[in-house]
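Participant: Sharing a structure with you now.
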Amino acid sequence: MGEYFEDNVSVLMDESVTAYGYSKKIRFLLEHPAQAEHIGLRGACIVESRFNELTWGMRLSKFLINLGG
């Protein structure tokens, strides 16, 4: 995920993998709704541009062509 997303920029990630770290992220969301919305919108744009059918179809096509030659 780190290749596409950045914590507090395009996604909220708890890298501590603890209940405390997770609760801090939830608290941030609740206390900063406008900032959280912007983070979500940036993340959505990344998903739409990187993980759409056209992008993956082109990658798959190139992969299959390379298998044959």
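Participant: Are there GluC sites (Glu not before Pro) in the chain that DSSP marks as loop and that have at most 12 other Cβ atoms within 10 Å, and which are they? Can you show the working numbers first?
Facilitator: Working: sites: 3, 6, 15, 31, 37, 48, 53; in loops: 3, 6, 15.
The qualifying sites are 3, 15.
Participant: Name the long-range amide H neighbours of residue 11: under 5 Å, sequence gap of 5 or more, or other chain; modelled H, no Pro or chain starts.
Facilitator: 6
Participant: Same structure, new question: Any idea what Rg and Dmax come out to for the chain if you just take the C-alpha atoms, in Å?
Facilitator: That works out to 17.0, 55 Å for Rg and Dmax.
Participant: Then there is this: Only Cα pairs within less than 10 Å get springs; with that Gaussian network setup on the chain, which residue of 12, 54, 29 has the largest fluctuation?
Facilitator: Greatest mean-square fluctuation among the candidates belongs to 54.
Participant: Something else: Describe numerically, in nm with one decimal, the distance between label points set 7 Å from Cα along Cα→Cβ at residue 46 and at residue 23.
Facilitator: 2.7
Participant: Here's another thing I want to ask about it. Which listed residue (39, 19, 29) has the Cα farthest towards the positive end of the charge dipole for the stretch 19-68, taking +1 on Lys and Arg C-beta and -1 on Asp and Glu C-beta about the Cα centre?
Facilitator: 19
Participant: Still on this model: Counting alpha carbon pairs within less than 8 Å and at least 6 residues apart, what relative contact order, in whole percent, applies to the chain?
Facilitator: Details: 30 pairs, mean separation 22.8, N = 69.
In percent, rounded to a whole number, it is 33.
We did not get these values from a lab; they are worked out from the coordinates using the rules stated. Nothing here was measured: the structure is a model prediction, and the numbers come from that model. Don't worry about glycine lacking a Cβ; one is built from the backbone with ideal geometry, like all the others, and counts go over all protein chains shown.
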